[in-house]
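What follows is a short report on a single structure.
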């Protein structure tokens, strides 16, 4: 077999390796990389998804207490969450 002469180049001759590193750009690249690996899988139940009774807690008038609806309302312990995470959200970032 015939041997071929390969041209050799040192890394110092390449213009990419002679550039100064920008800390802000490096920080942004790390931030984008970490955010793109994040998977938003957390989810909470709304008041429609909570498995509680839909019956009124007590009658509307005559008790002297505040008006209330079902036990699945967010004001009760074990009730649904109002503005919680909805599951499988995308957090993709684009470096600028």
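The values are calculated or read from the model by the stated rules, or taken from the named source; none is laboratory data. Please read these numbers as outputs of a predicted model, since none were measured by experiment. No Cβ is skipped: glycine too gets one built from the backbone with ideal geometry, and neighbour counts run over all protein chains shown.
Select from segment 33-46 the residues that are surrounded by 11 or more Cβ atoms within 10 Å (Cβ to Cβ), assigned to a loop (DSSP other than H, G, I, E, B) and modelled with pLDDT of 80 or more and list them in ascending order. Full working, then the answer.
Of the residues in segment 33-46, the ones surrounded by 11 or more Cβ atoms within 10 Å (Cβ to Cβ) are 33-36, 38, 40, 42-46.
Retained after the next criterion (residues that are assigned to a loop (DSSP other than H, G, I, E, B)): 38, 42, 44-46.
Within segment 33-46, 42, 44, 45, 46 qualify.
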Need the failing condition index for residue 27 against (1) surrounded by 10 or more Cβ atoms within 10 Å (Cβ to Cβ); (2) within 35 Å of the chain's Cα centre (by Cα); (3) modelled with pLDDT of 80 or more; (4) within 29 Å of residue 83 (Cβ to Cβ), just the number. (4)
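Can you find a residue that is touching a residue at least 60 places away in the same chain (Cβ under 8 Å) and more than 14 Å from the chain's Cα centre (by Cα) anywhere in segment 9-18?
Start the filter on segment 9-18 by keeping residues that are touching a residue at least 60 places away in the same chain (Cβ under 8 Å), which leaves none.
So far as segment 9-18 goes, no, none of its residues is touching a residue at least 60 places away in the same chain (Cβ under 8 Å) and more than 14 Å from the chain's Cα centre (by Cα).
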Cβ-Cβ distance below 6 Å, separation of 6 or more or different chains: which pairs start in segment 23-45 with a residue that is free of Cβ contacts under 8 Å to residues at least 40 places away in the same chain and end on one that is assigned to a loop (DSSP other than H, G, I, E, B)? 45/80
Could you please let me know if residue 50 is within 30 Å of residue 70 (Cβ to Cβ) and either part of a loop (DSSP other than H, G, I, E, B) or modelled with pLDDT under 85 (or both)? yes
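Looking only at segment 60-72, filter to residues that are surrounded by 10 or more Cβ atoms within 10 Å (Cβ to Cβ) and at pLDDT below 85; which one of those is farthest from residue 26 (Cα to Cα)?
Within segment 60-72, the subset surrounded by 10 or more Cβ atoms within 10 Å (Cβ to Cβ) is 63, 67-72.
Cutting the leftovers down to at pLDDT below 85 gives us 67-72.
On the way: 67: 56, 68: 54, 69: 53, 70: 52, 71: 51, 72: 47 Å.
That would be 67.
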